Amino acid sequence: MKVTLLQTDIQWAQPEANMLQALQLMDANPGSDLYVLPEMWSTGFATEPDGIAHHETDNVALDWMQRQASQRQCAISGSLAVHLSDGTFRNRHYFVDGHSGQLAYYDKHHLFTYGHENAYYTPGANHTIVQYEGFRLLLLTCYDLRFPCWSRYATGREYDAIIVVANWPESRQSAWQLLTRARAIENQAYLVGVNRVGDDRYSRYRGASVVVDPIGRTLGQCRPYVQQALTVSLDLSELQRRRNKFRVLDDRD
């Protein structure tokens with residue numbers, strides 16, 4: 001499966017500008033099976049979402065994801081700030097399958113209390129695993145990466161790759177480097193981590209979006225501080241071969 005990481009410089013609360021940036025990167029990197037955008041890719045990390053979040057019944061960014069996925073016959077993944085009809089806000093990681101028209105989503109479970117995300121957003125309670133191109137994909141969002149129990153490959157949560165979208169700041173870049181590899185190694189899974197670049201009023205973002213294989217090797221990594229697309233192929237048969245040969249998951253707690 002060909003996966004393209006879309007490491008974008010998110011323009012604050014400007015969905016149209018951010019859609020155009022993503023479109024240009026996708027046009028320059030055609031033919032992927034899956035394109036992955038960062039966390040809150042259409043607005044920036046809107047911890048105070050009033051007037052910024054998309055309403056669930058009028059979501060131009062989600063409409064764009066569905067339209068592009070259908071036209072390109074691919075899947076697109078990325079999170080959006082969403083205002084639900086019940087009045088709550090969710091940091092919602094969407095997965096749009098342009099082949100089947102399937103729309104799946106995961107609501108971020110671990111809200112970033114240090115940045116007061118929990119003051120405005122409602123956490124999700126459930127995991128989401130998507131079936132696509134023969135792969136089982138676990139959807140995670142940013143801060144979730146720090147919590148190994150939530151990410152753990154276990155009964156009822158079997159998957160082949162983790163897709164984590166993020167606005168992970170430069171000041172904690174070393175944690176991003178280590179945790180992306182740790183989650184891949186301990187779960188014998190591919191990990192696709194897509195982070196943003198640029199600045200907002202809260203932080204500076206280095207990017208370093210990455211694809212890690214099940215033994216922790218870097219298969220591809222975006223350049224720091226640069227808006228960039230990067231395409232990497234994931235090999236399901238190689239994953240299965242490694243899991244069958246070195247059966248670490250059989251001995252998990």
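Angle of helix 15-28 to the longest C-alpha principal axis of the chain, folded into 0 to 90 degrees and rounded to 10: 40°. Against the main long axis of the alpha-carbon atoms of the chain, helix 60-72 sits at an angle near 50°. The mean sequence separation of alpha-carbon pairs under 8 Å and at least six residues apart, normalised by the residue count of the chain, gives a relative contact order of 19 percent.
Express as a percent, rounded to the nearest 5, the fraction of DSSP beta bridges in the chain (both residues included) that run antiparallel. If we restrict to bridges inside the chain, about 65 percent are antiparallel. With N as its number of residues, the chain has a Cα radius of gyration that, divided by 2.2 N^0.38 Å, comes to 0.93.
Placing unit charges on the Cβ atoms of the charged side chains and taking the dipole of region 33-105 about its Cα centre, the candidate lying farthest along the positive direction among Thr88, Gly98, Ala53 is Gly98. The GNM of the chain, with springs linking C-alpha atoms under 10 angstrom apart, assigns the highest mean-square fluctuation among Trp150, Trp168, Trp41 to Trp150.
By a 1.4 Å probe calculation restricted to protein chains, His110 has an accessible surface near 40 Å², given to the nearest 10.
What's the FRET efficiency of Asp86 with Ser171 using the Cβ-Cβ distance as r and R₀ = 45 Å, to the nearest 0.05? For R0 = 45 Å, the calculated efficiency reads 0.80. Using a Gaussian network model on the chain with a 10 Å cutoff between Cα atoms, which of Leu80, Leu138, Leu20 fluctuates the most? Most flexible of the set in this elastic network: Leu20.
Here region 1-137 has 46 percent of its accessible surface on carbon and sulfur atoms, given a 1.4 Å probe and all protein chains in place. Taking every protein chain into account, the 1.4 Å probe leaves Met19 with about 10 Å² of accessible area, to the nearest ten. When +1 charges are put on Lys and Arg Cβ atoms and -1 charges on Asp and Glu Cβ atoms, the dipole computed for the chain relative to its Cα centre reaches about 900 debye. At full extension, Gln131 and Asp253 could sit 41.4 nm farther apart than now, given 0.36 nm per residue minus the alpha carbon distance. The figure for Tyr205 is an accessible area of roughly 10 square angstrom, using a 1.4 Å probe on the protein chains alone. Every helix of 4 or more DSSP H residues in the chain counts as -39500 (n - 2.57), and over all residues that averages to -6500 deg cm²/dmol at 222 nm. What is the calculated FRET efficiency for Glu158 to Tyr114, with r their C-beta to C-beta distance and R₀ = 45 Å, to the nearest 0.05? The calculated FRET efficiency here is 0.90. Taking only Cα atoms, what is the 0 to 90° angle, nearest 10, from helix 173-186's long axis to the longest principal axis of the chain? Result, in degrees: 40. Positive contributions from Lys and Arg (+1) and negative ones from Asp and Glu (-1), summed over other residues with Cβ under 13 Å from the Cβ of Gln68, come out at -1.
The values are calculated or read from the model by the stated rules, or taken from the named source; none is laboratory data. Nothing here was measured: the structure is a model prediction, and the numbers come from that model. In this analysis, Cβ positions are derived from the backbone assuming ideal geometry, glycine residues included, and neighbour counts consider all displayed protein chains. Protein only, heavy atoms only, side chains kept; ligands, DNA and RNA dropped before computing areas. Shrake-Rupley method; radii C 1.70, N 1.55, O 1.52, S 1.80 Å.
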